[in-house]
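The values are calculated or read from the model by the stated rules, or taken from the named source; none is laboratory data. Everything numeric in this text was worked out from a predicted model, so none of it was measured. Heads up, the Cβs are rebuilt from the backbone with ideal geometry, glycines too, and the neighbour counts pull from every protein chain shown.
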């Protein structure tokens with residue numbers, strides 16, 4: 001059951017029902033434009049990651065600014081994007097299992113679809129599914145460049161997999177996926193730079209081996225919000241996949257950004273004080289079911305002396321420091337989520353506002369799309 005939206009266009013933000021996901025359009029639009037400008041000036045393709053927003057209107061805004069398409073992590077997420085008008089989607093993940101493969105192959109009849117692989121058996125299954133659907137899939141070899149997650153080892157294992165893909169009748173070998181997810185939240189600029197330098201060297205060496213084997217390797221894609229500038233500077237990557245830059249969050253705020261492009265906080269959780277029992281705390285209606293705390297508690301935006309201290313299912317306890325202005329019962333606060341991606345996945349709607357007025361309400365069409 002999709003609940004009615006918590007607001008309507010032209011309504012004052014102060015009247016939005018809570019908890020609600022708010023998007024500051026001025027900050028959001030500046031973020032979209034800044035990343036598009038960076039990619040354009042660096043001579044890079046931009047393919048933002050839609051797992052951050054799961055929202056076709058946001059994907060279309062990114063494409064209008066210059067992106068070639070979007071990334072998704074799951075087939076259902078890709079289906080939501082294509083249903084919303086996106087014509088080029090890379091599932092930057094492995095897809096395993098007959099039902100998912102059939103849906104992925106069918107989707108390639110409606111849009112350009114790419115997918116990652118790190119196993120020869122999976123490549124054969126992708127080829128069979130695409131053949132059954134009379135479609136063609138772009139397939140990238142995923143190389144583990146430090147994330148220690150999916151991906152074959154750099155070098156000869158990637159060559160063998162590229163050869164397997166190139167030999168398939170219904171697949172196109174589209175290049176290498178070399179995303180270093182573990183580097184995104186290394187706090188120091190130098191740490192992140194060094195991690196990506198190693199990743200780029202491994203990706204370049206792997207591409208050289210593939211091309212020496214007689215297979216063109218047209219693209220190396222990867223990068224995230226924490227490292228995109230380093231992938232671009234390497235001149236090894238041809239495409240950038242940042243996602244969280246459109247929103248930002250408290251955890252990215254803890255990174256060192258000295259000398260790097262900066263992005264504004266545009267995403268907030270609007271919450272209401274529902275209890276004010278004692279002077280040193282208030283309780284808000286945004287608890288664990290309203291935001292993800294895997295990267296820490298949210299921050300209280302724009303209110304000195306207030307700290308979101310703990311959460312239970314439907315309660316958030318906000319500590320009030322001595323001397324700080326204590327919020328009144330019924331007062332609304334804005335929270336900066338600790339981690340934007342899983343927080344967005346908890347909501348059906350994004351309430352987009354400009355100034356003090358709601359301008360649009362967008363569906364989170366890919367909410368819960370993990371199959």
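Quick look at the numbers
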| read-out | value |
| --- | --- |
| Residue 41 over 16 Å from residue 244 (Cα atoms) and at pLDDT 95 or above | yes |
| Some residue of region 230-240 being assigned to a loop (DSSP other than H, G, I, E, B), surrounded by 19 or more Cβ atoms within 10 Å (Cβ to Cβ) and modelled with pLDDT of 95 or more | yes |
| Failed condition for residue 215, given (1) touching a helix residue (DSSP H, G or I) at 6+ places or on another chain (Cβ under 8 Å); (2) at pLDDT below 95 | (2) |
| Hits in region 63-110 - residues which are in a helix (DSSP H, G or I) and touching a strand residue (DSSP E or B) at 6+ places or on another chain (Cβ under 7 Å) | 75, 78, 81, 82, 104, 105, 107 |
| Residue satisfying all of: in region 112-121; touching a helix residue (DSSP H, G or I) at 6+ places or on another chain (Cβ under 9 Å) and surrounded by 17 or more Cβ atoms within 10 Å (Cβ to Cβ); farthest from residue 171 (Cα to Cα) among these | 118 |
| Qualifying residue in region 46-64 (condition: assigned by TED's automatic domain parsing to the domain that holds residue 112, surrounded by fewer than 20 Cβ atoms within 10 Å (Cβ to Cβ) and without any contact (Cβ under 8 Å) to a residue 12 or more places away in the chain) | yes |
| Residue satisfying condition, being surrounded by fewer than 19 Cβ atoms within 10 Å (Cβ to Cβ), in a loop (DSSP other than H, G, I, E, B) and assigned by TED's automatic domain parsing to the domain that holds residue 211, within set 124, 169, 132 | 169 |
| Test result for residue 66, farther than 20 Å from residue 129 by Cβ, touching a helix residue (DSSP H, G or I) at 6+ places or on another chain (Cβ under 6 Å) and at pLDDT 95 or above | yes |
| Some residue of region 175-182 being closer than 22 Å to residue 340 by Cβ and either in the same structural domain as residue 302 (by TED's automatic domain parsing) or surrounded by fewer than 18 Cβ atoms within 10 Å (Cβ to Cβ) (or both) | yes |
| Of residues in region 111-121 being closer than 19 Å to residue 177 by Cα and part of a loop (DSSP other than H, G, I, E, B), the one farthest from the chain's Cα centre (by Cα) | 119 |
| Count of residues meeting criterion [in contact (Cβ under 8 Å) with a residue 40 or more places away in the chain, in a helix (DSSP H, G or I) and closer than 17 Å to residue 143 by Cα] in region 172-198 | 4 |
| In region 19-38, the residues that are over 30 Å from residue 332 (Cα atoms) and crowded, with 23+ Cβ neighbours inside 10 Å | 35 |
| Any pair with Cβ under 6 angstrom, 6 or more apart, that starts in region 1-21 at a residue that is without any contact (Cβ under 8 Å) to a residue 60 or more places away in the chain and not assigned by TED's automatic domain parsing to the domain that holds residue 334 and ends at one that is in a loop (DSSP other than H, G, I, E, B) and surrounded by fewer than 21 Cβ atoms within 10 Å (Cβ to Cβ) | none |
| Any strands (runs of 3 or more DSSP E) falling wholly within region 247-344 and containing at least 1 residues that are without any contact (Cβ under 8 Å) to a residue 40 or more places away in the chain, touching a strand residue (DSSP E or B) at 6+ places or on another chain (Cβ under 9 Å) and outside the structural domain of residue 34 (by TED's automatic domain parsing) | 267-278, 281-284, 306-311, 316-320 |
| Positions within region 148-166 being surrounded by fewer than 19 Cβ atoms within 10 Å (Cβ to Cβ), over 14 Å from residue 122 (Cα atoms) and under 27 Å from the mean Cα position of the chain (by Cα), in sequence order | 148, 149, 153 |
